[in-house]
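Trainee: Submitted below is the structure of interest, expressed as structure tokens.
The values are calculated or read from the model by the stated rules, or taken from the named source; none is laboratory data. Predicted model only: the values in this text are computed from it and were never measured. Don't worry about glycine lacking a Cβ; one is built from the backbone with ideal geometry, like all the others, and counts go over all protein chains shown. Just so you know, the surface numbers come from the protein's heavy atoms only, side chains and all, with ligands and any DNA or RNA stripped out. Shrake-Rupley method; radii C 1.70, N 1.55, O 1.52, S 1.80 Å.
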Amino acid sequence: QVKLVESGGGLVQPGGSLRLSCAASGRDWSEYIMGWFRQAPGKEREFVAGMNYNGDVTRYTDSVKGRFTISRDNAKNMVHLQMNDLKPEDTAIYYCAADYGHRVVYPWEYEYDYWGQGTQVTVSS
């Protein structure tokens, strides 16, 4: 079965850092764009970052650009999201997602085929 499992969430103070990880299994992930989305309470799920297999194509939402970095360790079928200088508005459940067969990173959740269960990130003093 296809499975995406996120980890690394937690509680951090503003200005702190977290590194989220997503373990992917059940497919040849070289065919997939990997993305991170997040959903804050009472808000719609939004795109955060995405990356193709080779790592030469990335995309970030403006609010995290310069603070977050997406990366892939293809040998381990892992994708990561390094989050620095975290802000309270980054508080959300973060989801790993996979989009099959595209050469560009789309920011729309309906494009993504598989989803993880989410990991909670809370930024608070």
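Trainee: Given the condition touching a residue at least 40 places away in the same chain (Cβ under 8 Å), closer than 19 Å to Q1 by Cα and assigned to a strand (DSSP E or B), answer yes or no: does some residue in region 41-62 qualify?
Mentor: no
Trainee: Do the conditions hold for V48, that is, is it at pLDDT 95 or above and closer than 14 Å to V105 by Cβ?
Mentor: Numbers: at pLDDT 95 or above: yes; closer than 14 Å to V105 by Cβ: yes.
Yes, satisfied.
Trainee: Can you tell me which residue is most open to solvent (accessible area, probe 1.4 Å) among those in region 63-108 that are in a helix (DSSP H, G or I) and more than 18 Å from S124 (Cα to Cα)? Break it down into steps so the answer makes sense when it comes.
Mentor: Residues of region 63-108 in a helix (DSSP H, G or I): 74-76, 88-90.
The next check asks that each one be more than 18 Å from S124 (Cα to Cα); those that pass are 74-76.
Working: N74: 49, A75: 99, K76: 141 Å².
Per the stated criteria, the residue is K76.
Trainee: Just to be sure before I move on: is A49 surrounded by 13 or more Cβ atoms within 10 Å (Cβ to Cβ), in contact with a helix residue (DSSP H, G or I) (Cβ under 9 Å, 6 or more places away or on another chain) and small (G, A, S) in the structure I sent?
Mentor: Spelling it out, it is not the case that A49 is surrounded by 13 or more Cβ atoms within 10 Å (Cβ to Cβ), in contact with a helix residue (DSSP H, G or I) (Cβ under 9 Å, 6 or more places away or on another chain) and small (G, A, S).
Residues are listed down the side, and each one gets a yes or a no for (1) under 13 Å from G9 (Cβ atoms); (2) more than 11 Å from the chain's Cα centre (by Cα); (3) of a type in the set (A, V, I, L, M, F, W, C):
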position	(1), (2), (3)
S30	no, yes, no
R38	yes, no, no
A49	no, no, yes
T58	no, yes, no
L81	yes, no, yes
G116	yes, no, no
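Trainee: Being in contact with a Ser or Thr (Cβ under 7 Å, 6 or more places away or on another chain) and either more than 17 Å from G116 (Cα to Cα) or of a type in the set (V, I, T) (or both) is the filter here; which residues of region 80-92 pass it?
Mentor: Selection gives Q82, M83, N84, L86, P88, T91.
Trainee: Please go through region 10-27 and give me each residue that is in a strand (DSSP E or B), open to solvent by 30 Å² or more (accessible area, probe 1.4 Å) and farther than 23 Å from K76 by Cα, ordered by number.
Mentor: Scanning region 10-27 gives a single hit, L11.
Trainee: Next question. Could you check how many residues of region 28-46 are touching a strand residue (DSSP E or B) at 6+ places or on another chain (Cβ under 6 Å) and open to solvent by less than 40 Å² (accessible area, probe 1.4 Å)?
Mentor: 8
Trainee: Report, ordered by the first and then the second residue, all pairs with beta carbons closer than 6 Å, sequence separation of six or more or different chains, a first member in region 16-38 that is free of Cβ contacts under 8 Å to residues at least 40 places away in the same chain, and a second member that is in a strand (DSSP E or B) and surrounded by fewer than 21 Cβ atoms within 10 Å (Cβ to Cβ).
Mentor: From region 16-38, the pairs are G26/K3.
Trainee: Taking the residues in region 89-111 that are of a type in the set (S, T, Y) and under 12 Å from the mean Cα position of the chain (by Cα) as candidates, determine which candidate is nearest to V2 (Cα to Cα).
Mentor: Y95
Trainee: Among the candidates G10, G16, single out the residue that is out of contact with any strand residue (DSSP E or B) (no Cβ under 7 Å at 6 or more places or on another chain) and under 19 Å from Q82 (Cα atoms).
Mentor: Answer to the selection: G16.
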